[in-house]
Amino acid sequence: MSTVERWPGVRVDRGSSAHVIVRHSGVVEELDLAAHGLRYLDCDPWGFAPAPVPGDPGPDGRPLVFSVDLDATCASIAAACGEDDAAAYRRFVAVWGPRSRAVVDSFGRRPTPLGLARAFWPLGAPSGDAPRTPGGDLAVDFLGSGDALLDRWFASERLKAALAWFGAQSGPPVSEPGTAAMVAWVALLHDTPPGHPVGGSGGLTQALRARLESDGGHVTLGDGAARLLVEDGRVRGVETTSGRRVHAPVVVAACHVLATRDLAGDDAPPALADAAPPVGNGFGLVLRCLTDALPGYPGVDPAVSSQGLQLLCTDRAQLAAAHGDWLGGRLPREPVPLAMSFSASDDTLAPPGQHVVTVWGQWYPYALADGGDWDALAEVEAQRLVAAVDRHAPGFAGSVRELYVQTPLLLERELSLLRGNVMHVEMGLASMFSLRPTPALAGYRVPGLAGLYLAGASTHPGGGVSGNSGRTAARAVLADRRPLARARAAAGRAVRAARPR
């Protein structure tokens, strides 16, 4: 969560742009970040999917507009896809709203069997409104693929493609088991949509800093951690790159788990030294564009389409092909873009007459099978991704005045995202909940190295802007230190009792 002046007078995010999970986690309210300068602009409509491009298979139609207002969303679906799918979407939101809230609850707890049971037990049996699955079992829905979920509920491929592209933002293709809940998160966006902080994504970080400092904390910039200070099997602080030693009884490492392993060096216990979570082969490519106009999609006002996530996919076959290319270590033959243009509602990001448009292309390999050099490929691939947006929004390519290209390699260099994976560790079912980042490290503590705690995207519930892992790690720290505080208090009482009166 960082925003910089990329070009004169133009504020551009370096990492995240749309904040989704944190707006449902309760962290913003618990820390009263609004009182410390955070102001969110709601993305409403939160999603937009264009009509099929002329020449694409299937009939031309109207664009899909996903608004916070469920009635307005269903009206858009009815016009673009038919009344049956509109009615199915309304039922879908009713059924999966409580289920998705249970997912939110599970994200805020340690990933233990008891914690998961507390989150999901109230759901009970599936609603009678839900299409029946073999066995009608809740676990079938949650452990199934997003594709299977969409196929059970809807008929229109355009609607399924838009929802699949939203669900795929967590990383795995929605053809994989366990991705149904990633797709179904859309049910919650009719209560609280994604948001973008005024002034850029870094506004959340600035508010967190202001809150910390108001509580007596101190932030030091420009002096990174070089190694953990360890004595007698316990963390005693951190040595920084400048050679300064910061002594502390507790260290919370929210960096990549493998970076934490390197900081521990020879003092890393087996649970950390042997950690080998699946990091994968890159994740995506990001374009930061300075334009002189918002993307213009046929049949819709740019003021409507530019508010939220522009899901530029009309057929799930496009997603499957891009993922297949990624698996083979190839560049996508047909890039699939997601565009965001928050300067449409936030005039602090760019001067009048200019706009900041972020374009995300998913499933770009970090290491290419043919040995290709990302530094040499960056500009060519950027233009291909711009052209993919232009195919849906004619004239977009001509509006681009400046480009900053974050390849998987640059994401590693610039943001320490190992192999360009913005989620740190793969987000497949085999590395989630009590398996993240590894079974031995899933409790936020590091067995064998007291005083060291883990947080960040490497830990449950994974990547994305949520704050959940930091809050859960903090609770683990407090739980461990309460017995120490009680022991000190008891010792103090004993000393006072022994004093002569």
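The values are calculated or read from the model by the stated rules, or taken from the named source; none is laboratory data. Keep in mind that this is a model prediction, so the values were computed, not measured. Every residue, glycine as well, gets a Cβ built from its backbone with ideal geometry; the counts of neighbours run over all protein chains shown. In case anyone asks, the SASA skips ligands and DNA or RNA and just uses the protein heavy atoms, side chains included. Shrake-Rupley method; radii C 1.70, N 1.55, O 1.52, S 1.80 Å.
Taking (1) in a loop (DSSP other than H, G, I, E, B); (2) touching a strand residue (DSSP E or B) at 6+ places or on another chain (Cβ under 7 Å); (3) among the hydrophobic types (A, V, I, L, M, F, W, C) in turn, V286 satisfies each apart from (1). Selection of segment 379-400 for residues being open to solvent by 20 Å² or more (accessible area, probe 1.4 Å) and in a helix (DSSP H, G or I) yields E379, V380, Q383, R384, A387, D390, R391, A397, G398.
Return the only residue of G47, G108, G26 being among the small types (G, A, S), surrounded by 20 or more Cβ atoms within 10 Å (Cβ to Cβ), within 20 Å of the chain's Cα centre (by Cα) and more than 21 Å from L309 (Cα to Cα). G108 is the lone residue from the list that is among the small types (G, A, S), surrounded by 20 or more Cβ atoms within 10 Å (Cβ to Cβ), within 20 Å of the chain's Cα centre (by Cα) and more than 21 Å from L309 (Cα to Cα).
Checking the condition open to solvent by 40 Å² or more (accessible area, probe 1.4 Å) and under 17 Å from G284 (Cβ atoms), which residue from L403, L338 passes?
Values: L338 fails: open to solvent by 40 Å² or more (accessible area, probe 1.4 Å).
Testing whether each residue is open to solvent by 40 Å² or more (accessible area, probe 1.4 Å) and under 17 Å from G284 (Cβ atoms) leaves just L403.
Conditions (1) closer than 30 Å to L452 by Cβ; (2) in a helix (DSSP H, G or I); (3) touching a helix residue (DSSP H, G or I) at 6+ places or on another chain (Cβ under 6 Å), marked per residue:
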{"residue": "A181", "(1), (2), (3)": "no, yes, yes"}
{"residue": "A184", "(1), (2), (3)": "no, yes, yes"}
{"residue": "A187", "(1), (2), (3)": "no, yes, yes"}
{"residue": "Q206", "(1), (2), (3)": "yes, yes, no"}
{"residue": "E213", "(1), (2), (3)": "yes, yes, no"}
{"residue": "V219", "(1), (2), (3)": "yes, no, yes"}
{"residue": "G222", "(1), (2), (3)": "yes, no, no"}
{"residue": "R236", "(1), (2), (3)": "yes, no, no"}
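With the requirement that a residue be assigned to a helix (DSSP H, G or I) and open to solvent by 20 Å² or more (accessible area, probe 1.4 Å), what does segment 427-455 give you? Break it down stepwise before answering.
Within segment 427-455, the subset assigned to a helix (DSSP H, G or I) is 429-431, 433-435, 439-441.
Residues satisfying the conditions are L429, A430, F433, S434, L435, P439, A440.
Working carefully through the options R14, R23, find the one that is under 23 Å from D105 (Cβ atoms), touching a strand residue (DSSP E or B) at 6+ places or on another chain (Cβ under 7 Å) and not assigned by the TED database to the domain that holds S469.
On the way: R14 fails: under 23 Å from D105 (Cβ atoms).
Among R14, R23, only R23 is under 23 Å from D105 (Cβ atoms), touching a strand residue (DSSP E or B) at 6+ places or on another chain (Cβ under 7 Å) and not assigned by the TED database to the domain that holds S469.
Can you confirm whether V230 is surrounded by fewer than 16 Cβ atoms within 10 Å (Cβ to Cβ) and either under 21 Å from A259 (Cβ atoms) or in contact (Cβ under 8 Å) with a residue 24 or more places away in the chain (or both)? In short, no.
Could we say that L149 is of a type in the set (A, V, I, L, M), open to solvent by less than 40 Å² (accessible area, probe 1.4 Å) and at pLDDT 95 or above here? Spell out the reasoning first.
Numbers: of a type in the set (A, V, I, L, M): yes; open to solvent by less than 40 Å² (accessible area, probe 1.4 Å): yes; at pLDDT 95 or above: yes.
Yes: the conditions hold for L149.
When D223, D215 are checked against the criterion of being surrounded by fewer than 16 Cβ atoms within 10 Å (Cβ to Cβ), within 27 Å of the chain's Cα centre (by Cα) and on the phi < 0 side of the Ramachandran plot, D223 stands alone in meeting it.
Residue-level check: of (1) in a helix (DSSP H, G or I); (2) of a type in the set (S, T, N, Q); (3) surrounded by 18 or more Cβ atoms within 10 Å (Cβ to Cβ), S458 misses just (1). Cβ-Cβ contacts under 8 Å between residues 6 or more apart (or on different chains), taken from a first residue in segment 1-24 that is in a helix (DSSP H, G or I) to a second residue that is aromatic (F, W, Y), are listed as R23/Y40.
Against the conditions (1) at pLDDT 95 or above; (2) over 19 Å from the mean Cα position of the chain (by Cα); (3) open to solvent by 20 Å² or more (accessible area, probe 1.4 Å), where does L33 fall short? Just the number, please. Among (1) at pLDDT 95 or above; (2) over 19 Å from the mean Cα position of the chain (by Cα); (3) open to solvent by 20 Å² or more (accessible area, probe 1.4 Å), the lone unmet condition for L33 is (3). The set of residues in segment 305-330 being open to solvent by less than 40 Å² (accessible area, probe 1.4 Å) and outside any helix (DSSP H, G or I) consists of S306, Q307, G308, L309, Q310, L311, L312, C313, T314, G328, G329.
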